[in-house]
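**Q** Quick one: this structure, given as structure tokens, is what I'll be asking you about.
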Amino acid sequence: MKKLILFTLLAIFSISFYAQNTETEKKTKEEKQKIKDELREERRYNKELKKKEKNDRPKEVMTIMGRVDSHGGYAGLGINYLEVNKVDAISFNARGSWVIGHAFAFGIGGSGFVSDYTMNNAIGKNTSFQGGYGGIYFEPIILPRFPIHISLPIFMGVGGIAEIIDFTLQDNYETSIYEASSYLLFEPGAELEINFFRHFRIAAGAYYKYPATINFANTSILAEDILKGLSVGVSFKLGKF
């Protein structure tokens with residue numbers, strides 16, 4: 001009798017334990033399936049949301065610059081050494097630029113120059129070449145995020161140049177102009193830039209002037225050669241790069 005009771009209790013316990021395990025496994029399976037369904041629904045929702053955003057997004061115009069991540073600008077001042085008619089000269093320069101995506105800038109610029117006085121044997125007086133030019137320029141910037149990098153400014157513009165007789169020998173300025181002319185100018189260059197601070201750069205550069213249409217009737221050399229040639233200088237740039 002005792003064995004029968006013990007066997008019955010053991011059977012009841014086994015059945016209860018099995019039923020409990022079966023129920024637990026069923027709940028676990030249901031929970032896993034529920035999680036899978038939720039993940040599937042979330043993926044479907046995200047996919048539909050991205051599709052809707054793509055359809056609602058205005059069509060962007062494709063450009064050679066690609067997507068631009070920043071805009072900035074800077075103002076620059078510089079001083080250059082050059083030769084005008086094979087005479088030492090100095091020029092002062094200024095430019096204002098719009099910087100696109102750190103790697104390209106364009107803007108407007110100008111320069112004024114004056115040479116030393118030398119003897120003009122044709123008139124027997126000391127003369128100096130003076131003038132200036134202004135226009136637009138384009139400036140690709142190579143590796144702009146590095147502390148030392150290169151920029152390649154290309155300038156195109158118009159200007160004027162005059163041969164001035166020594167003021168001290170004349171009564172007024174108007175009668176001191178011996179000859180004058182306007183001209184077109186193309187000037188490529190290369191600059192080595194140093195990022196001293198986040199908003200301040202110093203650049204050392206070399207440039208080559210290609211002038212055209214200088215009309216000097218009284219000179220013994222080719223008119224274009226008066227201004228054509230190499231110049232070197234340093235510039236200071238302040239802005240957001």
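Quick note: the coordinates plus some simple rules give every number you see, no bench work behind them. A quick note: this is a predicted structure, and the numbers were derived from the prediction, not measured.
**Q** Let me check against my output: what whole-number percent is the relative contact order of region 71-240, with C-alpha pairs under 8 Å and at least 6 apart? Numbers along the way, then the final one.
**A** Working: 465 pairs, mean separation 37.0, N = 170.
About 22 percent, as a whole number.
**Q** Quick one: which residues, 5+ away or cross-chain, put their amide H under 5 Å from the amide H of L227? H built at 1.01 Å from N.
**A** N85
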